[in-house]
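J.: Have a look at the structure that comes next, please.
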Ligand code: GEK
């Protein structure tokens with residue numbers, strides 16, 4: 001697939017509106033996420049490896065906030081147990097429509113169901129692996145505890161939740177260091193200062209990061225027996241939580 005370049009924020013916008021996962025974003029999404037999230041490719045391939053280790057025969061594996069299905073494809077390529085299915089969910093119709101075509105062009109054997117639903121209303125059951133790769137950060141903070149509790153309740157013993165998030169930091173100094181390092185990463189990937197600042201404003205009310213400690217406390221409160229941060233590059237991290 002040829003990647004279309006993301007230049008959505010390249011020219012000055014007259015009016016700043018909140019970021020939405022619409023057709024324009026879908027069109028450039030693979031380029032946007034790779035140039036914006038440090039370690040994205042490493043995360044995708046290693047989530048497949050982790051999923052293969054924890055997927056249980058006769059269970060469901062979930063990709064919540066699947067976008068174009070990168071995590072789904074990585075899990076599908078690696079999972080070898082019998083009678084396992086992948087359920088991929090996103091509430092952007094434009095994302096799901098495009099993901100359908102991408103998944104249809106893949107010929108690995110694990111069955112995949114794509115659902116256009118709000119993950120806050122979606123039932124998780126009989127799950128051995130649940131992945132939220134940069135999705136919880138878009139859920140209203142007041143709904144996050146209930147969502148994590150619901151996921152925990154729908155998981156099998158021995159199951160794992162893989163949660164990747166943009167992080168916030170306790171101290172002003174730490175926050176400044178990680179924010180600047182991330183902006184340097186984006187500049188090195190060809191984004192201008194105008195693009196960085198306009199995207200930042202568009203995401204301000206939409207992407208709400210929390211600290212690693214807040215995530216780990218929420219997971220413990222929901223009942224997960226332990227959680228480990230298995231990946232971090234600048235202010236982007238991934239946690240694996242064990243039931
Ligand atoms: C990847 N995981 O490529 N219900 C369902 N989906 C939602 C909701 C919701 N309430 N809120 C947001 N989303 C992907 C990347 S992107 C991350 C995930 C990013 C969806 C939203 O439509 C979008 O597709 C996705 O969550 C977040 O590994 O763009 O930074």
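The values are calculated or read from the model by the stated rules, or taken from the named source; none is laboratory data. Just so it is clear, the model here is predicted, and its values are computed rather than measured. Here the Cβ positions follow ideal geometry from the backbone for every residue, glycine too, while neighbour counts run over all protein chains shown.
J.: Determine, yes or no, whether residue 115 is in contact with a helix residue (DSSP H, G or I) (Cβ under 7 Å, 6 or more places away or on another chain) and under 23 Å from residue 165 (Cβ atoms).
T.: no
J.: Now, a different point. Taking residue 8 as the residue in question, decide whether it is modelled with pLDDT under 85 and either closer than 20 Å to residue 161 by Cα or surrounded by 15 or more Cβ atoms within 10 Å (Cβ to Cβ) (or both).
T.: On the way: modelled with pLDDT under 85: yes; either closer than 20 Å to residue 161 by Cα or surrounded by 15 or more Cβ atoms within 10 Å (Cβ to Cβ) (or both): yes.
The answer is yes for residue 8.
J.: Considering only residues of the range 62-92 that are part of a loop (DSSP other than H, G, I, E, B) and touching a residue at least 60 places away in the same chain (Cβ under 8 Å), which is nearest to the chain's Cα centre (by Cα)?
T.: Out of the qualifying residues, it is 65.
J.: Can you confirm whether residue 197 is touching a strand residue (DSSP E or B) at 6+ places or on another chain (Cβ under 6 Å) and without any contact (Cβ under 8 Å) to a residue 40 or more places away in the chain?
T.: Taking the combined requirement at face value, the residue does not satisfy it.
J.: Let me ask something else about it. Could you tell me whether the range 79-88 includes any residue that is touching a helix residue (DSSP H, G or I) at 6+ places or on another chain (Cβ under 7 Å), away from the ligand (no atom under 15 Å from the Cβ) and at negative phi? Don't jump to the end; show me each part of the working.
T.: Initial filter on the range 79-88 (touching a helix residue (DSSP H, G or I) at 6+ places or on another chain (Cβ under 7 Å)): 79-80, 86, 88.
Next cut, away from the ligand (no atom under 15 Å from the Cβ) only: 79-80.
Then drop every residue that is not at negative phi, which leaves 79-80.
Checking the range 79-88: at least one residue is touching a helix residue (DSSP H, G or I) at 6+ places or on another chain (Cβ under 7 Å), away from the ligand (no atom under 15 Å from the Cβ) and at negative phi.
J.: Now a separate question. Among the listed residues 68, 114, 73, 64, which satisfies the condition of being within 23 Å of residue 212 (Cβ to Cβ) and either out of contact with any strand residue (DSSP E or B) (no Cβ under 9 Å at 6 or more places or on another chain) or surrounded by 18 or more Cβ atoms within 10 Å (Cβ to Cβ) (or both)?
T.: 64
J.: May I pose another question? For the range 110-160, enumerate the residues that are assigned to a loop (DSSP other than H, G, I, E, B) and either within 16 Å of the ligand (Cβ to nearest atom) or free of Cβ contacts under 8 Å to residues at least 24 places away in the same chain (or both).
T.: Once the filter is applied, which keeps residues that are assigned to a loop (DSSP other than H, G, I, E, B) and either within 16 Å of the ligand (Cβ to nearest atom) or free of Cβ contacts under 8 Å to residues at least 24 places away in the same chain (or both), the range 110-160 yields 117, 118, 122, 123, 124, 134, 135, 139, 140, 154.
J.: Looking only at the range 216-231, which residues are surrounded by 13 or more Cβ atoms within 10 Å (Cβ to Cβ) and away from the ligand (no atom under 16 Å from the Cβ)?
T.: Answer for the range 216-231, where residues must be surrounded by 13 or more Cβ atoms within 10 Å (Cβ to Cβ) and away from the ligand (no atom under 16 Å from the Cβ): 216, 217, 218, 219, 220, 222, 223, 224, 227, 229.
Matching residues to (1) touching a helix residue (DSSP H, G or I) at 6+ places or on another chain (Cβ under 8 Å); (2) part of a strand (DSSP E or B); (3) surrounded by fewer than 16 Cβ atoms within 10 Å (Cβ to Cβ):
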| position | (1), (2), (3) |
| --- | --- |
| 106 | yes, no, yes |
| 165 | yes, yes, no |
| 177 | no, no, yes |
| 180 | no, no, yes |
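J.: Within the range 187-208, identify whether any single residue is modelled with pLDDT of 95 or more, buried (at least 18 other Cβ atoms within 10 Å of the Cβ) and closer than 18 Å to residue 38 by Cβ, and answer yes or no.
T.: No, there is no match, as no residue in the range 187-208 is modelled with pLDDT of 95 or more, buried (at least 18 other Cβ atoms within 10 Å of the Cβ) and closer than 18 Å to residue 38 by Cβ.
J.: Do you know which of the residues in the range 30-54 that are more than 18 Å from residue 3 (Cα to Cα) and either buried (at least 23 other Cβ atoms within 10 Å of the Cβ) or at pLDDT below 95 (or both) is farthest from the ligand (Cβ to nearest atom)?
T.: Taking the candidates together, the pick is 51.
J.: Just to verify a result, which residue in the range 14-29, among those that are in contact with a helix residue (DSSP H, G or I) (Cβ under 6 Å, 6 or more places away or on another chain) and outside any helix (DSSP H, G or I), is nearest to the ligand (Cβ to nearest atom)?
T.: 21
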